[in-house]
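> This is the structure I want to talk about, given as structure tokens.
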Amino acid sequence: MSAHSSADQPSASAKQDASGKHDFSKGSVIKNIVDLAIPMTMAQLINVLYNIVDRIYIGRIPDHATLALTGLGLCLPIISLVIAFANLFGMGGAPLCSIERGRGNEEEAEAIMGNSFVMMLLCGFLLTGLGLLFKRPLLYLFGASDATIPYADSYITIYLLGSVFVMTGLGMNSFINSQGFGRIGMMTVLLGAVSNIILDPVFIFVLKLGVQGAAWATILSQGLSALWILRFLTGKQTILRLKKSAFRLKKQRILDIIGLGMSGFTMAVTNCSVQIMYNASLAQWGGDLYVGIMTVINSVREIISLPVNGLTNSAQPVMGFNYGAGEYRRVKKAVLFMSVTAILYTTLMWFLVHGFPEFFIRIFNQDADLVTAGIPAMQLYYFGFFMMSLQFSGQSVFVALGKSRYAVFFSIFRKVIIVIPLILLLPNLFGLGIDGVFLAEPVSNFIGGTACFVTMLCRVWPELNGVREPSRQHIVQPSGRDTELGNHGKSQK
């Protein structure tokens, strides 16, 4: 595929400055976000197809489809851990690049991208080695039984061999999107997803490799995405270029990247922890059937969360750029648009999932027992789903503005302090049993989502309102320190 396309041209809203760079401080804030959100959401939709398509095909294997699907679900915590490290350096480095571009410091922006890339490679190789060494005891810890372990082991062994491709494909695409090349980012995952859709049936059914075939299709497809990313970021179309001179690691720069990326990392790690607790508790209270139901619920969540994730992620470069440029009024407008849209969308999805749960379940599995037991479980799990949008919005603002400690805290607060204890506690109260396990999620959404969003408003809004007082205006350096700006209300370039 050629890197030369119309996608390389910025939209009218994301106007270019004199040097031809995407400048999010010009044009309509809402249109800037939407212009990024549409291709980024499509890119994330296509990206989710990597795992979703696997589950759809595996759920239709002629023999032992439910056991195979359950086995794949048991691998999700390990997959989430790989994604966590991709988020650590991708979601950590990309917002810093946006901030530095807003300040006009492109040399540092390229160094941030180069350092992030090197760290992704190092962590990818490390995770592959450790994962292969401890995979079986981990899978049993996650709730595997003697019936499901063969399927889980077969899938995760091959997946781990391609973890470097996964990390590069997910993590480095953030640096393409952060520069305003949303369509190029979409092309990245489109290449891999289409490859996966084609390879899955070939490996699973034609070559009769089963879950192993699904894993091979996934990592080969991610490998193609990674090659496409490297070609673009080392080519002439990109604004920030990936080059060897930027690979030299600097301690403070790495700490800044990790500090900001800790939010995405913590979210993924806490997701991993919650998945482990869900699978283990469901195996105890309901057996393999309910672990399979949880796999379906997670798959549905990945699909319905896509638009709101695409919206909040696409708002980050716009908010970060304008924050770095001192355009606080535009940051406020971006926060309002993102938050209201996210709330409206998640409310609509709550009604759809609650009203038509069987439709969503049958996308992944046709087993009568799983469908019957899965309908009430899904309705409980997604109750009040709209409250999750408050968590999405609050986290996005904290990350975009470099206030990583708040984002990290609320990731831990909702998942570790609320969800995990509730998973253990609720099944033992009032005879709730298996229903108590599924109720833990909506309770955490109401408490955690409200706390995160209200804190964001109390912490960020007063600072953004200070734009009319140039002598007292502050920005947050990548290290997290507040620095007073000059009388012009702009950061010193």
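> Consider T70 against the criteria (1) over 19 Å from S299 (Cα atoms); (2) buried (at least 24 other Cβ atoms within 10 Å of the Cβ); (3) modelled with pLDDT of 80 or more; (4) not aliphatic (A, V, I, L, M): it satisfies all of them except one. Which criterion is unmet?
If we test T70 against (1) over 19 Å from S299 (Cα atoms); (2) buried (at least 24 other Cβ atoms within 10 Å of the Cβ); (3) modelled with pLDDT of 80 or more; (4) not aliphatic (A, V, I, L, M), just (1) comes out false.
> For region 429-470, what are the residues that are part of a loop (DSSP other than H, G, I, E, B), modelled with pLDDT of 85 or more and among the hydrophobic types (A, V, I, L, M, F, W, C)?
Hits for region 429-470 are L429, L432.
> At pLDDT 85 or above and either of a type outside the set (S, T, Y) or in contact with a helix residue (DSSP H, G or I) (Cβ under 7 Å, 6 or more places away or on another chain) (or both), is that true of I343?
Criteria met by I343.
> Filtering region 353-382 down to residues that are in contact (Cβ under 8 Å) with a residue 40 or more places away in the chain, in a helix (DSSP H, G or I) and open to solvent by 50 Å² or more (accessible area, probe 1.4 Å), which residue is nearest to D288 (Cα to Cα)?
Filtering first and then ranking leaves D369.
> All but one of (1) open to solvent by 60 Å² or more (accessible area, probe 1.4 Å); (2) touching a Phe, Trp or Tyr at 6+ places or on another chain (Cβ under 6 Å) hold for R405; which doesn't?
Tallying (1) open to solvent by 60 Å² or more (accessible area, probe 1.4 Å); (2) touching a Phe, Trp or Tyr at 6+ places or on another chain (Cβ under 6 Å), R405 fails exactly one: (2).
> Can you tell me how many residues within region 109-149 are of a type outside the set (S, T, Y) and crowded, with 20+ Cβ neighbours inside 10 Å?
Going through region 109-149 one residue at a time, the tally reaches 18.
> Among (1) part of a helix (DSSP H, G or I); (2) open to solvent by 30 Å² or more (accessible area, probe 1.4 Å); (3) touching a Gly at 6+ places or on another chain (Cβ under 9 Å), where does R248 come up short?
Only one criterion is unmet by R248, namely (1).
> Quick one: is L344 surrounded by 19 or more Cβ atoms within 10 Å (Cβ to Cβ) and touching a Ser or Thr at 6+ places or on another chain (Cβ under 9 Å)?
Criteria not met by L344.
> Restricting attention to region 263-303, which residues are aliphatic (A, V, I, L, M) and within 13 Å of the chain's Cα centre (by Cα)?
M267, A268, V269, I303, listed by residue number.
> Please determine whether any residue of region 262-273 is in contact with a Phe, Trp or Tyr (Cβ under 6 Å, 6 or more places away or on another chain), open to solvent by less than 40 Å² (accessible area, probe 1.4 Å) and either assigned to a helix (DSSP H, G or I) or in contact (Cβ under 8 Å) with a residue 24 or more places away in the chain (or both).
No, region 262-273 contains no residue that is in contact with a Phe, Trp or Tyr (Cβ under 6 Å, 6 or more places away or on another chain), open to solvent by less than 40 Å² (accessible area, probe 1.4 Å) and either assigned to a helix (DSSP H, G or I) or in contact (Cβ under 8 Å) with a residue 24 or more places away in the chain (or both).
> Quickly run through region 383-416 and pick out the residues that are assigned to a helix (DSSP H, G or I) and of a type in the set (K, R).
Once the filter is applied, which keeps residues that are assigned to a helix (DSSP H, G or I) and of a type in the set (K, R), region 383-416 yields R405, R414, K415.
> Residues in region 171-211 that are open to solvent by 10 Å² or more (accessible area, probe 1.4 Å), touching a residue at least 24 places away in the same chain (Cβ under 8 Å) and charged (D, E, K, R): how many?
Qualifying residue count for the region: 1.
> Scanning for something over 23 Å from the mean Cα position of the chain (by Cα), farther than 28 Å from S245 by Cα and free of Cβ contacts under 8 Å to residues at least 12 places away in the same chain, does region 144-160 turn up at least one residue?
Scanning region 144-160 turns up at least one residue that is over 23 Å from the mean Cα position of the chain (by Cα), farther than 28 Å from S245 by Cα and free of Cβ contacts under 8 Å to residues at least 12 places away in the same chain.
> Let me ask something additional. I'm trying to understand the selection: among the residues of region 158-170, which are assigned to a helix (DSSP H, G or I), more than 20 Å from S273 (Cα to Cα) and either open to solvent by 20 Å² or more (accessible area, probe 1.4 Å) or small (G, A, S) (or both)?
Scanning region 158-170 gives L161, V164, F165, G169, L170.
The values are calculated or read from the model by the stated rules, or taken from the named source; none is laboratory data. All of these numbers come straight from a predicted model, not from anything done at the bench. We place every Cβ from the backbone using ideal geometry, glycine too, and count neighbours over all the protein chains shown. Remember, those area values only see protein heavy atoms, side chains included, never the ligands or the DNA or RNA. Shrake-Rupley method; radii C 1.70, N 1.55, O 1.52, S 1.80 Å.
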